[in-house]
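Okay, structure first, notes after.
The values are calculated or read from the model by the stated rules, or taken from the named source; none is laboratory data. Since the model is a prediction, treat every value here as computed from it, not as a measurement. Cβ coordinates were reconstructed from backbone atoms using ideal geometry, including for glycine residues, and neighbour counts include every protein chain displayed.
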There are 2 protein chains.
Amino acid sequence: MSQLLLLRLRSRNMAGYGRGEGFVSANSRLTIAAHALAWISLYQRQGHEVATSEQIAASANTNPVVIRRLLGELRKAGLVESRRGVGAGWSLARELESITLLDVYDAVESGPLFAMHRTTPDQGCVVGYGIRPAMQGIYGGIEETLRAELARVTMEDVLRDVLAVPR
Amino acid sequence: MSQLLLLRLRSRNMAGYGRGEGFVSANSRLTIAAHALAWISLYQRQGHEVATSEQIAASANTNPVVIRRLLGELRKAGLVESRRGVGAGWSLARELESITLLDVYDAVESGPLFAMHRTTPDQGCVVGYGIRPAMQGIYGGIEETLRAELARVTMEDVLRDVLAVPR
DNA sequence: GACCGTCGTAACATTAGTTGTTACGACGCG
DNA sequence: CGCGTCGTAACAACTAATGTTACGACGGTC
């Protein structure tokens with residue numbers, strides 16, 4: 001690819017980060033997945049059968065491949081279905097009321113909320129020996145609480161809140 | 001009642017959503033900081049005045065600079081103190097009972113748990129327009145619950161659990 | 001059967017954060 | 001002054017998320 005084209009692509013991307021927003025390092029997978037589900041549902045309620053990754057990507061202002069990757073994970077979890085061929089696209093596999101944020105979280109996030117040491121602490125030290133089991137127990141309880149909170153919110157709740165935002 | 005309203009009020013007190021950095025799970029800062037505090041406390045209970053970053057790093061199996069950086073953040077939060085010169089090192093500024101995991105979390109972690117879109121969603125789309133405030137409200141409530149859980153655990157609890165691990 | 005639009009996915013670039021490491025000045029006690 | 005430790009800058013290595021291009025697979029339509 002030519003240097004010129006590269007520069008043009010880059011500056012187009014930069015333009016998308018207007019409004020004083022800096023780059024964000026974080027993990028927006030749960031947010032984008034919820035966005036996609038809400039969009040598909042609303043589109044279907046308007047009488048359409050399937051939504052394309054390109055349409056969803058336009059709404060979320062990202063790349064269709066990013067959407068296809070995320071929806072692929074949601075499909076593995078049984079939340080959406082996809083069709084191929086002409087007239088292909090994505091549809092919900094379950095009602096929004098039956099999909100909780102925890103379902104989406106489990107589909108797109110992996111690993112614990114808090115990490116342990118990257119390397120094994122000194123097992124000859126009292127603290128180094130006991131810190132990992134101790135923290136795992138504490139973190140485990142906290143994560144259970146987080147999961148219960150995520151399970152309390154359905155995607156139907158999310159869509160309702162989205163539509164309730166005043167313009 | 002709509003969660004949105006409830007959470008919008010709350011989010012006024014919580015700067016950072018929409019452009020903050022989210023949480024990365026490969027992040028062991030909270031664990032290492034708790035390790036360091038437990039180690040300093042135990043060392044002081046054995047009659048020593050201060051602990052060096054080198055000693056703590058040996059227990060946590062990491063580099064002293066990593067420890068100094070983390071403890072520097074804890075010092076800014078008023079949890080520890082440091083001395084320089086010969087016989088320098090680190091000591092607790094508060095009792096372990098008065099330090100909660102939330103204090104440590106706030107000292108070493110920044111930004112919200114879940115991130116928003118990296119780029120502004122399509123504001124001409126109903127979902128693109130409402131998704132951010134809706135998710136901010138929902139995430140804000142969940143993060144409040146997480147913070148309450150972290151606040152329930154003191155560093156004295158952590159040290160007790162560490163020492164209770166059978167060898 | 002050819003065409004065409006979309007999915008599925010590989011491959012790589014970009015961006016950013018965390019962690020590890022070296023280096024060196026600052027500090028303050030003896 | 002000498003010494004040990006902090007404080008911090010600078011940089012490399014690694015990890016992860018995201019963005020992008022490319023292309024084969026698929027399955028309707030003509």
Can you tell which of A:139, A:129, A:105 is within 16 Å of DNA strand D (Cβ to nearest atom) and of a type in the set (Phe, Trp, Tyr)?
-> A:105
Does residue A:120 meet the test of being of a type in the set (Ser, Thr, Tyr), buried (at least 18 other Cβ atoms within 10 Å of the Cβ) and at pLDDT 95 or above?
-> no
Sole miss for residue B:20 among (1) over 22 Å from residue B:150 (Cβ atoms); (2) modelled with pLDDT under 95 is condition (1)
Scope segment B:52-65; condition surrounded by 18 or more Cβ atoms within 10 Å (Cβ to Cβ), within 12 Å of DNA strand C (Cβ to nearest atom) and within 13 Å of chain A (Cβ to nearest Cβ); matching residues | B:56, B:57, B:58, B:60, B:62
For segment B:108-123, does any single residue satisfy the condition of being in a helix (DSSP H, G or I), closer than 24 Å to residue B:156 by Cβ and not β-branched (Val, Ile, Thr)?
-> no
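Can you tell which of B:15, B:34 is more than 16 Å from DNA strand D (Cβ to nearest atom), over 30 Å from residue B:88 (Cα atoms) and either more than 9 Å from chain A (Cβ to nearest Cβ) or at pLDDT 95 or above (or both)? Steps first, answer last, please.
Numbers: B:34 fails: over 30 Å from residue B:88 (Cα atoms).
Criteria check complete, one pass: B:15.
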Among residues of segment B:52-86, those that are over 16 Å from residue B:30 (Cβ atoms) and within 7 Å of DNA strand D (Cβ to nearest atom), counted = 12
Based on what the data block shows, is residue B:102 facing chain A (nearest Cβ under 7 Å), at negative phi and of a type in the set (A, V, I, L, M, F, W, C)?
-> no
Restricting attention to segment A:129-167, which residues are under 22 Å from the mean Cα position of the chain (by Cα) and among the β-branched types (Val, Ile, Thr)?
-> A:142, A:145, A:153, A:154, A:158, A:162, A:165
On the given criteria, is residue A:129 within 30 Å of residue B:58 (Cβ to Cβ), free of Cβ contacts under 8 Å to residues at least 12 places away in the same chain and surrounded by 15 or more Cβ atoms within 10 Å (Cβ to Cβ)?
-> yes
Within segment B:125-167, tally of residues that are outside any helix (DSSP H, G or I), within 25 Å of residue B:106 (Cα to Cα) and more than 7 Å from every other protein chain (Cβ to nearest Cβ) = 2
Go through segment A:85-117 and give me each residue that's surrounded by fewer than 12 Cβ atoms within 10 Å (Cβ to Cβ) and at pLDDT 95 or above.
-> A:88, A:95, A:97
Count, please, the residues in segment A:66-84 that happen to be more than 9 Å from DNA strand C (Cβ to nearest atom) and of a type in the set (Gly, Ala, Ser).
-> 2
Residues that are over 24 Å from the mean Cα position of the chain (by Cα) and not aliphatic (A, V, I, L, M), drawn from segment A:109-126 | A:117, A:118, A:119, A:120, A:121, A:122, A:123, A:124, A:125
For segment B:106-124, which residues satisfy the criterion of being away from DNA strand C (no atom under 16 Å from the Cβ), facing another protein chain (nearest Cβ under 8 Å) and of a type outside the set (D, E, K, R)?
-> B:121
